[in-house]
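Just below is one structure, and these are the notes that go with it.
The values are calculated or read from the model by the stated rules, or taken from the named source; none is laboratory data. All values reported here derive from a predicted model rather than from experimental measurement. Glycine gets a Cβ as well: all are built from the backbone with ideal geometry, and neighbour counts include every protein chain shown. Note: areas computed on protein heavy atoms with side chains; ligands, DNA, RNA excluded. Shrake-Rupley method; radii C 1.70, N 1.55, O 1.52, S 1.80 Å.
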Amino acid sequence: MTNNLFISIIIPLVGINDYFLESYPHLIDLDYKDYEVIVLPDDPVSEDFPCIKFIPTGKVSPAVKRDIGAQNAKGTLLFFLDDDSYPEKDWLNKAVPYFNDPLVGAIGGPAVTPSSDNFFQKVSGAVFLTRVGGGIPERYYPIGDVKDTDDWPSVNLIVRKDIFLKIGGFNSEYWPGEDTKLCLEILKENKKILYTPDVIVWHHRRQGLFKHLKQIGSYGLHRGFFAKRYPETSFRLLYFIPALFVLYFALFIVSLLFFNKLSLYVGSGFIVYLGALIYAFFDINKKIKDFKISATSICYIIPTHIWYGIRFLQGFILTSELKSKLRSIK
């Protein structure tokens, strides 16, 4: 396979926004010859954006929009982006050679926080740069070598079109979480998914702690639900750790209120947690070399663990069904 395949870039969005206006020049200036950009807004777009193919979808979920984009795509490979992300100039050229291996069904690269983000957006992004904070830092920063993975977010996910259509696309009423389901279906086709650290996009983070926690809570709820619905890739200790921390914290409060002497022994576990936070600070600062952002991110990590853990337990224990509030394609 050579780098002359026709490529389809697929971007779901509600409507034209500042992030898309920022992304547009990057999308039409990639160092690759044959590609198309398919953008799927809710409503028709009146502005003129040369080289962009708009397909209005109505108010449906991102998963549905991506499925519609794939059905209209001419490319051999489908490059998925979020509306608040934009690619490196060599994104396509770096990605295509990985598909020389016929066993590779999809690849995923890091979605890095751009330097233009404000302070608190960078703090939100920094939380994910350490395993103590987000669990899988290679999703947010180019770390290590190419390796197999089994779950990758759709902000920077590239899939063979034939495989995508064979498994029915995202075909999902979940949001977020539709990418987890898609990746699981790819693996069931005996295809590999690769983590490719050199295939980079830039992804804006949430502004402020409230929006950060809202996103984190949604992740936790869906992962908890997926841990029982799709245990093949979601029933893992890594995802349970924040929930276990919440249960431990609750145990400490109970012991403090009713078993005061016992609370001293129970509370000793916080020494381990403090050590983990200290490690997280140095791990983050090693990557971004910004003391203030690194220190503030530790203040984000604690509520991140608590809120993710609470929502994970909600999804795992209390939620019998979980669907996007947006209309499905069916």
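Things worth noting here:
- Approximate spin-label separation CYS51-GLU232, in nm, with each point projected 7 Å along Cα-to-Cβ: 3.9
- Alpha-carbon centroids, region 51-125 and region 228-244: separation in whole Å: 26
- Between VAL254 and ILE306, the modelled labels are 1.9 nm apart [label points 7 Å from Cα along Cα→Cβ].
- Per the Debye calculation on region 34-102 with a single equal scatterer at every Cα and no solvent contribution, log₁₀ I(q)/I(0) for q = 0.18, 0.23 Å⁻¹ amounts to -0.79, -1.19.
- Between 0 and 90°, nearest 10: helix 269-288 axis offset from the chain longest Cα axis: 30
- With every protein chain in place, the chain: carbon and sulfur % of accessible area (1.4 Å): 62
- Label-zone membership for region 99-116, site ASN190, 7 angstrom Cα→C-beta point, backbone N under 14 Å: 102-105
- As computed over region 208-261, the Cα convex hull volume per residue (Å³): 110
- With at most 14 other Cβ atoms within 10 Å, longest stretch of the chain clear of loop GluC sites (Glu not before Pro) (DSSP): 48-188
- Spatial separation of Cα centroids for region 18-50 and region 197-217, in angstrom: 21
- Between the helical axis of 178-188 and the longest alpha-carbon principal axis of the chain there is an angle of about 70 degrees.
- When the chain is treated as a GNM with alpha-carbon contacts under 10 Å, the residue of SER115, SER23, SER172 showing the greatest mean-square fluctuation is SER115.
- With 19 Å as the limit, the listed pairs LYS166/LYS323; LYS94/LYS147; LYS59/LYS214; LYS214/LYS289; LYS122/LYS286 have LYS166/LYS323; LYS59/LYS214; LYS214/LYS289 beyond it between alpha carbons.
- Long-range Cα-Cα pairs in region 188-316 (distance over 22 Å), rounded percent: 54
- Beta bridges per DSSP with both ends in the chain, % antiparallel, nearest 5: 40
- Helical runs (DSSP H, four residues minimum) scored at -39500 (n - 2.57) apiece and divided by the length of the chain put the mean residue ellipticity at 222 nm at -14000 deg cm²/dmol.
- Among VAL112, VAL159, VAL14: highest mean-square fluctuation, GNM of the chain, C-alpha pairs under 10 Å: VAL14
- Rounded tilt (10° steps) of 237-258 against the dominant C-alpha axis of the chain: 30
- Karplus-based coupling profile of region 221-236, in residue order and whole Hz: 4, 5, 5, x, 5, 5, 4, 9, 7, 10, x, 3, 10, 10, 8, 9, with θ = phi - 60° in 6.51 cos²θ - 1.76 cosθ + 1.60 and x standing for Gly or Pro.
- Volume of the Cα convex hull of the chain, divided per residue and given in Å³: 136
- Computed over region 164-238, the ratio Rg/Rh where both radii use C-alpha atoms and Rh is Kirkwood: 1.01
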